[in-house]
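Below: the structure, in structure tokens.
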Amino acid sequence: MSRDDKNFFVKIIMAVFIFAGFSLALLFLIKTGNNPWFENFLAIDGPSYLKGIDSILNETGFIRLKDIYHSAGYQIYLASIKLLLPEIWEQNFILIVKLLSFLIFTLTGGLIFHLGKKLLGVKVALLALFLMAFSAKFHIYNTLLQGEVLQAFFLSLVAFFLYKEYHSTKKLKYWIFLGILSSVICLFQTRFLLLIPCLVIYLFYRANSLKAIDWKQQTLGFGIPILLILGGWCFEQTVAHGELVVVSKGSDFRLRSAYSPASMGYAFPYPELKEPSGVNFILENPLQTIWLFKERFLYFWDIKSDVWNLGNPFLFLLRGRIATSSIDGILQFFFMLMFFFGIFSSFRGERKILLFHLLLPLLINFIGPFLVFGSSRFLIPGLPIVFLFQANGLYQIGTWILKKKDGLLKDHP
């Protein structure tokens, strides 16, 4: 069999497995039916979102929400779905939300495959899609009333628009898209606010490197949607609540409880707020602050388990329920190493700036949990891009092993 035939055969096998992985996700979703998953295992914020939907549709409307502690963007998204559904479908509302999550999950896979193919090659793209298709986190979060699957789609779209802007002569429309997208994703999670200044810095860098770009036009295209959507939202909430509101409430509490004597690095349950807290704690306890960063890193990568740990993906797929094993931490540590090795081995020549399009949204997703609370749940929005770099790391090591094997065979005919 020729090398081309072997490559074609491998791609076909990979495609079959990818289809099987996505099919398993859909089957599991259908199995959970119209019942919210939190009734069985994970509550997280699902009950609060159900209350939020009822409040939006029957009391407050879509602007002045009662609850802006939990994701306002996701509450609006859910309420919009319920409002648009014909009455005959309302009884299956939760199942429809799950099916939409699966559709978004599939679209995210398509985006990641496209970016991976362009930036890292079709084999790496297929391997990344394979990892995504069998991701227990996505399989489970497709069945939850949680916004992480949508956030993963939005971050992947940011990377996609950055890539398209780089190659397009009509750059303005992409900066308008990025302005709208940045506003929407910030309504879903306040921690993504860092995306806006980072994109502004990148915009000015691009304008400086390409003198022909009208940076004023690009800045207006990016800034006006943010001013209208995010600025309008913050103004309305500030007036409604009688205090300054930057997207949501609770950020001050989270920061203070994240840096206090009772803080352990994980996200939930929140530690008892003791003094000193916040900046005072950091100044008085620098070594414990460093320890907290280390703990958050371990929780974020699922090397240490918190209450939202989903267990081993293979056991999950076999048993159809959350199941942990003694090798979970080892597996997560291995894939974390593959992620960093995949980044290191991918930076060559012109690809550096192109790969930055993947790293920028990923960095924004990482910063919040490291600064406040760590949990593998907060990794989910960045997981599709993480899979690309993990796939690249695995592919590079696999290629090196095969080359070594071929060399040994030649030396010993």
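Looking only at residues in region 42-68 that are under 22 Å from the mean Cα position of the chain (by Cα) and at pLDDT 85 or above, the one that is surrounded by the fewest Cβ atoms within 10 Å (Cβ to Cβ) is Ser48.
Thr190: among the β-branched types (Val, Ile, Thr) and either more than 30 Å from Thr60 (Cα to Cα) or surrounded by fewer than 14 Cβ atoms within 10 Å (Cβ to Cβ) (or both), yes or no? Taking the combined requirement at face value, the residue does not satisfy it. Does Trp89 satisfy the criteria of being in contact with a helix residue (DSSP H, G or I) (Cβ under 9 Å, 6 or more places away or on another chain), at pLDDT below 90 and buried (at least 20 other Cβ atoms within 10 Å of the Cβ)? Spelling it out, it is not the case that Trp89 is in contact with a helix residue (DSSP H, G or I) (Cβ under 9 Å, 6 or more places away or on another chain), at pLDDT below 90 and buried (at least 20 other Cβ atoms within 10 Å of the Cβ). Tell me, please, whether a residue that is in contact with a helix residue (DSSP H, G or I) (Cβ under 8 Å, 6 or more places away or on another chain), β-branched (Val, Ile, Thr) and without any contact (Cβ under 8 Å) to a residue 60 or more places away in the chain can be found in region 148-157. Within region 148-157, none of the residues are in contact with a helix residue (DSSP H, G or I) (Cβ under 8 Å, 6 or more places away or on another chain), β-branched (Val, Ile, Thr) and without any contact (Cβ under 8 Å) to a residue 60 or more places away in the chain. Here Thr169 meets each of (1) outside any helix (DSSP H, G or I); (2) crowded, with 24+ Cβ neighbours inside 10 Å with one exception, condition (2). Sort out which residues of region 166-178 are closer than 10 Å to Gln218 by Cβ and touching a residue at least 40 places away in the same chain (Cβ under 8 Å), and write them in order of number. Within region 166-178, Lys171, Leu172, Trp175, Ile176, Leu178 qualify. For region 269-290, the set of residues classified as part of a loop (DSSP other than H, G, I, E, B) and either charged (D, E, K, R) or in contact with a Phe, Trp or Tyr (Cβ under 7 Å, 6 or more places away or on another chain) (or both) consists of Glu272, Lys274, Glu275, Ser277, Gly278, listed by residue number.
Among residues of region 262-280 being out of contact with any Leu (no Cβ under 7 Å at 6 or more places or on another chain) and under 20 Å from Leu298 (Cβ atoms), the one that is surrounded by the fewest Cβ atoms within 10 Å (Cβ to Cβ) is Pro269.
The values are calculated or read from the model by the stated rules, or taken from the named source; none is laboratory data. Worth saying up front: this structure is predicted, and the values here are computed from it rather than measured. Heads up, the Cβs are rebuilt from the backbone with ideal geometry, glycines too, and the neighbour counts pull from every protein chain shown.
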